[in-house]
Amino acid sequence: MLLTSAEANKRLRKLNEEMTALELKESKAAVFNAAMGEDEKKIRPEYSFDETQEQLESLRNQIISLKHRISGFNLRTKVEGYDLTIDEALTLLPMLTERRKTLSKMASRLPRERASSYGFGSNAVIDYTIANYDIASVQEAYDDLNDKVAALQNALDVTNSTVRGIEAEE
């Protein structure tokens, strides 16, 4: 059976949650406190070090295998409507997002802003920060990039939720 990336990632999240729960259970059951005179056998929590290690190893192996299959899928599957693999899109999106932040700062700048002032009266010195670019052009570039990021994210979501290509189990 083939899974979509979204389905595989849900399975991966479940495996990670199982591992976290087992590690928490181990941390609680591996040691226990008993008061003087209390029968340790009656209050001893059920715990087997060897069984727990086997379960943890099994979960680790399942996680590694599934992550490897997801990674292979991401490397070979094209995002619908783009000449990019999922892996390339996942690499590109943070770069575009960072650029969008820069453009947002630039677009929100005033053409001329007071940077600092010192002195009083006629001896006062005022420094200005002056934009060395057309703010409207930067705003337009920001809007275009924002649309591009949103479109790529949507296409990636569609690809991840509709394209089946990850083996359910090896």
Q: Could you please tell me which pairs satisfy a Cβ distance under 8 Å, a separation of 6+ or placement on different chains, a first residue in the stretch 27-40 that is of a type in the set (Gly, Ala, Ser), and a second residue that is open to solvent by 80 Å² or more (accessible area, probe 1.4 Å)?
A: 29/46; 30/49; 34/40
Q: Only residues that are open to solvent by 70 Å² or more (accessible area, probe 1.4 Å), within 27 Å of the chain's Cα centre (by Cα) and either within 30 Å of residue 69 (Cα to Cα) or among the hydroxyl-bearing types (Ser, Thr, Tyr) (or both): list them for the stretch 86-137, please.
A: 88, 90, 91, 94, 95, 98
(Q) Looking at the stretch 130-170 only, could you name the residues that are part of a strand (DSSP E or B) and either free of Cβ contacts under 8 Å to residues at least 24 places away in the same chain or β-branched (Val, Ile, Thr) (or both)? (A) 130, 166
(Q) For the list (1) acidic (Asp, Glu); (2) within 23 Å of residue 82 (Cβ to Cβ); (3) open to solvent by less than 100 Å² (accessible area, probe 1.4 Å), I need the number of the one condition that residue 140 fails. (A) (3)
Q: Looking for whichever is surrounded by 11 or more Cβ atoms within 10 Å (Cβ to Cβ), of a type outside the set (S, T, N, Q) and closer than 15 Å to residue 166 by Cα here; the options are 6, 30. Which one fits?
A: 6
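Considering the stretch 92-129 alone, what residues qualify as being part of a strand (DSSP E or B) and among the β-branched types (Val, Ile, Thr)?
Taking the stretch 92-129 and keeping what is part of a strand (DSSP E or B), we get 112-118, 125-129.
The answer is 125, 126, 129.
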Q. So which pairs qualify, if the first residue must be in the stretch 102-129 and under 20 Å from residue 141 (Cα atoms), the second must be open to solvent by less than 60 Å² (accessible area, probe 1.4 Å) and of a type in the set (Lys, Arg), the Cβ gap must be under 7 Å, and the two must be at least 6 apart or on different chains?
A. none
Q: Kindly indicate whether residue 35 is aliphatic (A, V, I, L, M) and either open to solvent by less than 50 Å² (accessible area, probe 1.4 Å) or in contact with a Gly (Cβ under 8 Å, 6 or more places away or on another chain) (or both).
A: no
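The values are calculated or read from the model by the stated rules, or taken from the named source; none is laboratory data. Computed from a predicted model, the values in this text were never measured in an experiment. Neighbour counts are summed over all protein chains in view; Cβ atoms, including those assigned to glycine, are modelled from backbone coordinates with ideal geometry. We work out accessible area using only protein heavy atoms, side chains counted, and drop any ligands, DNA or RNA first. Shrake-Rupley method; radii C 1.70, N 1.55, O 1.52, S 1.80 Å.
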